[in-house]
1. Ignoring ligands, DNA and RNA, what percent of the accessible area of region 34-124 is carbon or sulfur (1.4 Å)?
2. As an exercise, identify the GluC sites (Glu not before Pro) in region 89-181 lying in DSSP coil whose Cβ has no more than 13 other Cβ atoms within 10 Å.
3. Using a 1.4 Å probe on the protein heavy atoms only, what accessible surface does Lys73 show? Give it in Å² to the nearest 10.
4. Just how much of Lys108 is accessible, in Å², when a 1.4 Å probe is used and the result is rounded to the nearest 10?
5. Over region 36-102, what is the relative contact order in percent, taking alpha-carbon pairs closer than 8 angstrom and at least six residues apart?
6. Keeping every protein chain present and rolling a 1.4 Å probe, give me the accessible area per residue for region 44-125 in Å².
7. Can you tell me the order of 34-47, 56-69 when each peptide is scored by its average per-residue count of other Cβ atoms within 10 angstrom, highest first?
8. Over region 74-153, what is the relative contact order in whole percent, taking alpha-carbon pairs under 8 Å and six or more residues apart?
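The values are calculated or read from the model by the stated rules, or taken from the named source; none is laboratory data. The structure displayed is predicted, hence computed values, not measured ones. Here Cβ is always computed from backbone atoms with ideal geometry, including for glycine, and neighbour counts include all displayed protein chains. What goes into the accessible areas is simple: the full protein's heavy atoms, side chains included, and nothing from ligands, DNA or RNA. Shrake-Rupley method; radii C 1.70, N 1.55, O 1.52, S 1.80 Å.
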Amino acid sequence: MSGMRTPRTVLALAVGTALLTACFADKKSAAPALPPSTCFGVFTPAELAPFMGSGEEVRVDSSGDLGVNVSRKYARCNIDVDGRSRFTASIDRRPAGHVIVWGSEVEKHRPDVLPYAEHSRLWDSGVALVVNCKAADGDFDLMLFLDAVPDEVKLEERRPVFAALMKKFLAASREQANCPG
């Protein structure tokens, strides 16, 4: 009897197949819509949609802005779909000239260096960089980090996508953290 298909099993298979077909037909995302302003107001829902995968519930946990300063040292944004992390963005204010150690977790991905940031690493699922800021109240460094699950981005497009997102994130970070270029 276990090999027989009952009407209920056939209906379940048909519904499941229809749902899978719908998910693959719309490659952008089967996850609920992202809010219009996501991750410090920097990224649009369209820019982040390829990282959301499919799921029922999107949760955005984000600081309101990137305005790090002497008393507020960092800001984070995490986007989860069904409780699984899909996208992370962070900014940390550090003392100027702090030694940069990328570590084996980054280096194992054979990262590239961004053409616009000497102290950077770019890999297939993320990017990190450190930029020095010369401010009137003292120099400091900003460490920026983006990490995502790029399942719906073609392998050859991943690094260019992350490089473009970081360029936008860097510009917003410099402005909001009062870091002159």
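1. Looking at region 34-124 in its full context, I get 49 percent from C and S.
2. Counting only loop positions with at most 13 other Cβ atoms within 10 Å, the GluC sites (Glu not before Pro) in region 89-181 are Glu118.
3. Here the accessible area works out near 100 Å².
4. Near enough 120 Å² of accessible area.
5. Working: 104 pairs, mean separation 18.9, N = 67.
Computed over region 36-102, the figure is 28 percent.
6. Result: 56 Å² per residue.
7. Those peptides, ordered most packed to least, come out 34-47, 56-69.
8. On the way: 141 pairs, mean separation 24.9, N = 80.
So the answer I get is 31 percent.
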